[in-house]
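Colleague: My structure is below; once you've seen it, I'll send some questions.
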Amino acid sequence: MTEHKLISVSDGTRIDKYISEANIGLSRSGAVNLIDKGSVLINGKKTLKNYKLKINDEIKIFIPDPVAYEAKAENILLDIVYEDNDLLIVNKKKGMVVHPAAGNYEGTLVNALLYHCGSSLSGINGVLRPGIVHRIDKDTSGLLIVAKNDFSHARLAEQIKEHTFTREYEAIVSGNIKDDSGTIDAPIGRNPNDRKKMCVTAKNSKNAVTHYFVLARYKGYTHIKCKLETGRTHQIRVHMAYLGHPVSGDKVYGIKNEKVSFAGQCLHARKIGFIHPATEKYMEFISDLPEYFSDYLNKLGKISK
């Protein structure tokens, strides 16, 4: 267990906020979790997350040591679109987490890949993300590439870095987008008020570019194609919300209480294209729109004029 001792130089700041800004590697939610467990003491006593500090308050924070974890193989059915000795393409279903993390150590894509591939997965991203070159969100469906060795992983990652790796998505977004196409060039970083969310910000951010194209217009909604130039966390979801047209069904960045009933966000990774790391030939794969996506389009009704 690691102990941190701080002396407050603030008057009136909430303890959870103070800890998250103390540069000890804790988010605000992480601070709240420790406070609730009684692992934060103010002047030797347990406290509440809404406690407002006084100058010279003594703060002791006890952080438990990390628990070692290694992903385990699980016999989970995979929709494999293509496979060879160097890589495989998986059509991920909506609702499946890509790799193990806090709260999701089982039932992930990585658990399924370990069962299917055994030890034949690249190790560049460590024991929790073997073979994972890029990710898509839990509630995003569609195509994902997996590397079976470090050579292939490095070559594919380089293509993503150099923006030569094709990634196209289809989405249903709220509202009627005015232009038939456009580009959103806006940097993305952590939301300073909620570390679990991303946002368009100039502070501690990375450049992010999304090209969008209108495929069809419906009453109150637009069916679009998005082409990624960069691959930031939640990029399409954040960029479309920033444009004023969030992805339909997005519980984090979307509109609450949408008129059309739908369970989950409507975002599908439809196309990927890349130079094969071994053969050096261009390969491209397209995934048909899944049933949940097509059903939602049918539910929206007639295309508006």
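Colleague: When residues of the range 112-152 are filtered for being more than 20 Å from residue 225 (Cα to Cα) and either open to solvent by 10 Å² or more (accessible area, probe 1.4 Å) or of a type in the set (Lys, Arg) (or both), how many remain?
Modeller: Residues flagged as more than 20 Å from residue 225 (Cα to Cα) and either open to solvent by 10 Å² or more (accessible area, probe 1.4 Å) or of a type in the set (Lys, Arg) (or both) within the range 112-152 amount to 21.
Colleague: Could you tell me whether any residue of the range 213-226 is in contact with a helix residue (DSSP H, G or I) (Cβ under 8 Å, 6 or more places away or on another chain) and basic (Lys, Arg)?
Modeller: Scanning the range 213-226 turns up at least one residue that is in contact with a helix residue (DSSP H, G or I) (Cβ under 8 Å, 6 or more places away or on another chain) and basic (Lys, Arg).
Colleague: Moving on to the next point. Pull up the range 208-238, narrow it to residues that are at pLDDT below 95 and polar (S, T, N, Q), then point me to the one that is least open to solvent (accessible area, probe 1.4 Å).
Modeller: 230
Colleague: Pull out all pairs, ordered by first then second residue, where Cβ-Cβ is under 9 Å, the residues are six or more apart or on different chains, the first lies in the range 262-286 and is touching a residue at least 24 places away in the same chain (Cβ under 8 Å) and farther than 24 Å from residue 95 by Cα, and the second is of a type in the set (S, T, N, Q) and crowded, with 22+ Cβ neighbours inside 10 Å.
Modeller: 276/152; 277/152; 278/152
Colleague: In this structure, is residue 84 acidic (Asp, Glu) and at pLDDT 90 or above? Please lay out each step first, then the result.
Modeller: Values: acidic (Asp, Glu): yes; at pLDDT 90 or above: yes.
Yes, satisfied.
A quick yes/no check of all residues on (1) within 30 Å of residue 282 (Cα to Cα); (2) out of contact with any helix residue (DSSP H, G or I) (no Cβ under 9 Å at 6 or more places or on another chain); (3) free of Cβ contacts under 8 Å to residues at least 40 places away in the same chain:
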| site | (1), (2), (3) |
| --- | --- |
| 6 | no, no, no |
| 12 | no, yes, no |
| 19 | no, no, no |
| 43 | no, yes, yes |
| 49 | no, no, yes |
| 77 | yes, no, yes |
| 81 | yes, yes, no |
| 88 | yes, no, no |
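Colleague: Looking only at the range 181-207, which residues are outside any strand (DSSP E or B) and either modelled with pLDDT under 90 or not hydrophobic (A, V, I, L, M, F, W, C) (or both)?
Modeller: Initially, the range 181-207 is screened for residues outside any strand (DSSP E or B), giving 186-187, 192-193, 201-204, 207.
Result: 187, 192, 193, 201, 203, 204, 207.
Colleague: Something else about it: When only residues in the range 153-184 that are in contact with a helix residue (DSSP H, G or I) (Cβ under 8 Å, 6 or more places away or on another chain) and β-branched (Val, Ile, Thr) count, which is surrounded by the fewest Cβ atoms within 10 Å (Cβ to Cβ)?
Modeller: Filtering first and then ranking leaves 184.
Colleague: Now a separate question. Can you tell me how many residues within the range 14-59 are assigned to a loop (DSSP other than H, G, I, E, B) and crowded, with 16+ Cβ neighbours inside 10 Å? Outline the logic, then answer.
Modeller: Going through the range 14-59, the residues assigned to a loop (DSSP other than H, G, I, E, B) turn out to be 21-27, 37-39, 43-44, 47-51, 53-57.
Next cut, crowded, with 16+ Cβ neighbours inside 10 Å only: 26, 39, 47, 49, 51, 53, 57.
Number satisfying all stated conditions: 7.
Colleague: Which one of these does residue 178 not meet: (1) touching a residue at least 40 places away in the same chain (Cβ under 8 Å); (2) part of a loop (DSSP other than H, G, I, E, B)?
Modeller: (1)
The values are calculated or read from the model by the stated rules, or taken from the named source; none is laboratory data. On a predicted model such as this, the values are computed, not experimentally measured, just so you know. Positions of Cβ are generated from backbone atoms using ideal geometry, with glycine treated the same way; all protein chains shown enter the neighbour counts. These area figures cover heavy atoms from the full protein model, side chains too; ligands, DNA and RNA do not enter into them. Shrake-Rupley method; radii C 1.70, N 1.55, O 1.52, S 1.80 Å.
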